[in-house]
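What follows is a set of notes on a single structure, which appears directly below.
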Amino acid sequence: MVNAIEKLLSMRDAVVLVEYHSTDHPEWILKEILDGWENTGIFPLVVDIGDTLHGFVQNLRFSGQAITVDTVPVIKIKGVMNVGHVLGNIDVVDDFEYHLALYSKLARKVPEKSRNHTVVLGMEKFTFTFLEDPQKLERYFETITRRYLSIVDKMNFLFLNVDIASPYLTKGLEEDSDYVMEIMRSGLKFKKTPGGW
């Protein structure tokens, strides 16, 4: 598992989708990512949707693992638990233009050293906003992906709980990602790689 994560962390240009189930422990992968990047002087931006970061940090602490996120820049989308160095909170999701304007304003606050590395937690929680309109969900992610998750010299890890996410959301994210890996009890399984390992 660690070798696969180390290999991904050494890349400069990709979108990696990390799929997991409700009984899995994706917080261990988050810790590997943050620790691995910190060891090379990289401090990524975390986009925390619906207090997912808080849940991950708590699960690690309950298992006796320390993780330091106090100085990690965080943009929160919904949620109330401020974990990390929160740059701001966006409560509006379904109004595209307003949401994007708020995101753009917060994105300008992201330190230069954190702009090329992003971890997005809680992608599945967007599904609830767009249950009745999957086309709107597609337009949302099309806009966010193209405008804010540009992959020119930029590494992005997207975490998705596939038990909660709609099949529509899961399929769309799998198509848009360069790598898709699934957390399993025996380790990591790669479902998609551009050219194999």
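The values are calculated or read from the model by the stated rules, or taken from the named source; none is laboratory data. Keep in mind it's a predicted model, so treat the numbers as computed, not measured. Backbone-built Cβ (ideal geometry, glycine too); neighbour counts: all protein chains shown. Heads up: the accessible areas ignore ligands, DNA and RNA and are worked out on the full protein's heavy atoms, side chains in. Shrake-Rupley method; radii C 1.70, N 1.55, O 1.52, S 1.80 Å.
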message: With the structure loaded, tell me whether VAL18 is modelled with pLDDT of 95 or more and of a type outside the set (Gly, Ala, Ser) or whether it fails that test.
response: yes
Scope the stretch 108-127; condition within 15 Å of the chain's Cα centre (by Cα) and open to solvent by 20 Å² or more (accessible area, probe 1.4 Å); matching residues: ARG115, ASN116, HIS117, LYS125
task: Show the residue pairs that are 6+ apart or on different chains and have beta-carbon atoms under 6 Å apart, the first residue being within the stretch 172-185 and more than 16 Å from ASN156 (Cα to Cα) and among the hydrophobic types (A, V, I, L, M, F, W, C), the second being open to solvent by less than 30 Å² (accessible area, probe 1.4 Å) and part of a loop (DSSP other than H, G, I, E, B).
output: ILE183/ASP24
statement: Only one of (1) in a strand (DSSP E or B); (2) touching a Leu at 6+ places or on another chain (Cβ under 9 Å) does not apply to PHE43, and that is (1)
task: Name, by its number, the condition in (1) closer than 16 Å to ILE183 by Cβ; (2) over 16 Å from the mean Cα position of the chain (by Cα) that does not hold for GLU27.
output: (2)
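Inspect the stretch 1-8 for any residue being assigned to a loop (DSSP other than H, G, I, E, B) and among the hydrophobic types (A, V, I, L, M, F, W, C) and give the result as yes or no.
There is at least one residue in the stretch 1-8 that is assigned to a loop (DSSP other than H, G, I, E, B) and among the hydrophobic types (A, V, I, L, M, F, W, C).
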task: Mind listing whichever residues of the stretch 62-78 are in contact with a Lys or Arg (Cβ under 9 Å, 6 or more places away or on another chain) and closer than 15 Å to ASP51 by Cα?
output: PRO73, ILE75, ILE77, LYS78
message: Which residue is farthest from the chain's Cα centre (by Cα), if the candidates are limited to the stretch 142-173 and must be loosely packed, with under 15 Cβ neighbours inside 10 Å and modelled with pLDDT of 85 or more?
response: PRO167
- line: Of the residues in the stretch 108-135, those that are under 15 Å from GLY79 (Cβ atoms), of a type in the set (A, V, I, L, M) and modelled with pLDDT under 85 number 0
- request: Could you list all residues from the stretch 48-96 that are in a strand (DSSP E or B) and either open to solvent by 80 Å² or more (accessible area, probe 1.4 Å) or at pLDDT below 90 (or both)?
  value: HIS85
- line: Given the conditions (1) without any contact (Cβ under 8 Å) to a residue 40 or more places away in the chain; (2) not in a helix (DSSP H, G or I), every one holds for TRP28 apart from (2)
